[in-house]
Amino acid sequence: MIPVLVGLGALVGGYLVVTNWEEVTKWLQELMSELQTSLKKLGVEGYTAKLFSNIQDGALKLVHRLYYKENGKWIEKTTTREIDESQVPEWAKAGLGEKETDVTARYEKELELTI
């Protein structure tokens, strides 16, 4: 099961730098959909995800962390995107600094998706 999730992670992102906010929202929506579908097909139970963000060096860093249970052990899978700060809407930057902040609820509300 781990190779499937690793392959899925490579397929939808890994670590990428983008400049267009619309690309980021599309990527995030596709990531959520693919992960949920894949985990259900694999019969993985006990999974959750969180989205974290911070601003550093003129870029917004968006980090998706997926946690799931496999063979009785919790596994963490991390996918990261960086977006030029000038391309990020104000609602996404509000209240962020250099410290990583949990923005899961904010993105679920603004993008109308379940993370």
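What follows is calculated from the coordinates using simple rules that are stated; it is not laboratory data. What you see is a predicted model; the values in this text were computed from it and never measured. Positions of Cβ are generated from backbone atoms using ideal geometry, with glycine treated the same way; all protein chains shown enter the neighbour counts.
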Pairs over 22 Å Cα to Cα, from Lys41/Lys109; Lys40/Lys99; Lys50/Lys93; Lys26/Lys69; Lys61/Lys109, come to Lys41/Lys109; Lys40/Lys99; Lys26/Lys69
Quick calc, the range 31-101, dipole around Cα centre from Cβ unit charges on Lys, Arg (+) and Asp, Glu (-), nearest 20 debye, gives 440
Among GluC sites (Glu not before Pro) in the range 38-115, those in a DSSP loop whose Cβ has at most 13 other Cβ atoms within 10 Å are Glu45, Glu98, Glu100, Glu112
In the range 27-115, the trypsin sites (Lys or Arg not before Pro) that sit in a DSSP loop and have at most 12 other Cβ atoms within 10 Å of their own Cβ are Lys99
